[in-house]
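Data first, discussion second: the structure below is written as C-alpha cells.
No lab work stands behind these numbers, since they all come straight from the coordinates. Bear in mind that the values here come from a model prediction, so they are computed numbers and not experimental data. When we count neighbours, we look across all protein chains shown, and the Cβ atoms used for this are built from the backbone with ideal geometry, even at glycine.
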Amino acid sequence: MSADDPELREQMLAAVRRLDALGLNRGSTGNLSLRASGGGLWITPTGMSPEELGAGDMVRLGDDGQVQQGAWAPSTEWPFHRAIYIRRPELRAVVHLHSPHATALACLRRGLPAFHYMVAVAGGDSVPCTPYHLFGTEALSQAVGAAFADRQACLMANHGLVAAGATLGQALKVALEIEALCGIYLQALAVGEPALLSTEQMAEVIERFKSYGKARRAPPAGHQG
Ligand SMILES: [Zn+2]
C-alpha cells in the first residue's frame, strides 16, 4: 500500500456516507479516523458535510498531531482519536458519533451496564461513560484513553459515542451495536429498572465471542460459508 493510502481514504468516505444514510451523522457532527501506513492517522476534516466530502479531503496527522497532508483542518476532536491509538496499538480505526440514543444516555451521564449480553461487543461487561470535558481538550483525550484501557467503546458525558476496532468495519459494527443497545436500554428504563447479567454470565459471553471470532477468521477446510 502506498504511503498515500488511497484505499484507506476511500474506506473512510464510504463509512461517512453509510453513517449519513443511516441518519447517525447529522450535519458534520461525527468523525472517524484510521491509522495511516507508516505512522500517524487519517481523519475526516472539520466542518465538512458528507455531501461535499471527497476521499482527497481526508487529513493526515503525524504522531505529534501536526498536519502532514490535506488542504483542510482536521476534525477538532482528533486528540481523543490519537489517545486511543496510543493506548491500544492493535486498534486501527475509530468512529465517533452524536447518534441519538447513545447521546441521550450520555446526557444522563450513564453508561451501559450488563443489561444485555451484546454489551460484551465492546470487550467487557459494561460500556463506561466518561466525565464531561470540553471537546478537543487534553482532559477529554485522557478520559477517553483511560476508558479504552480495556474496552472498544465508551460514551462521553453530554456529548456522544466513541467506538474502535482492528478494522473500520469492526469499529462501525461496534458503534452501530452500541447505538442500538443504548436505544433498547432507554426503552427498558422508561418502564423500570432492567435486570442485569452477573459478572460470570458476561464472562461466558466474552469467552464465547472470542471463539466465535476465531472460527470466523479460520474456517475449517471445506467450510463453504
Ligand atoms: Zn463530537
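Miscellaneous remarks
- Residues that are more than 15 Å from Ala93 (Cα to Cα) and out of contact with any strand residue (DSSP E or B) (no Cβ under 7 Å at 6 or more places or on another chain), drawn from the range 39-51: Gly47, Met48, Ser49, Pro50, Glu51
- Members of the range 35-53 that are surrounded by 20 or more Cβ atoms within 10 Å (Cβ to Cβ), within 16 Å of the ligand (Cβ to nearest atom) and part of a loop (DSSP other than H, G, I, E, B): Thr44
- The residues on offer are Leu32, Leu8, Leu13, Leu24, and the sole one that is assigned to a loop (DSSP other than H, G, I, E, B) and either within 16 Å of the ligand (Cβ to nearest atom) or closer than 26 Å to Ile178 by Cα (or both) is Leu24.
- Annotation note: Cβ proximity below 8 Å between a residue of the range 95-115 that is free of Cβ contacts under 8 Å to residues at least 60 places away in the same chain and farther than 30 Å from Arg9 by Cα and a residue that is in a loop (DSSP other than H, G, I, E, B) and within 13 Å of the ligand (Cβ to nearest atom) (sequence gap 6+ or interchain) occurs for Cys107/Ala157; Cys107/Asn158; Arg109/Tyr132; Arg109/Ala157; Arg109/Asn158.
- Strands (runs of 3 or more DSSP E) wholly inside the range 54-111 containing at least 2 residues that are over 13 Å from the mean Cα position of the chain (by Cα), away from the ligand (no atom under 13 Å from the Cβ) and of a type in the set (Gly, Ala, Ser): none
- Where a residue in the range 134-161 is within 13 Å of the ligand (Cβ to nearest atom) and its partner, wherever it lies, is polar (S, T, N, Q) and in a helix (DSSP H, G or I), with Cβ under 6 Å and at least six apart: Gly160/Thr103
- Restricting Ala166, Ala153 to those that are surrounded by 22 or more Cβ atoms within 10 Å (Cβ to Cβ), touching a strand residue (DSSP E or B) at 6+ places or on another chain (Cβ under 8 Å) and within 30 Å of Ser37 (Cβ to Cβ) reduces the list to Ala153.
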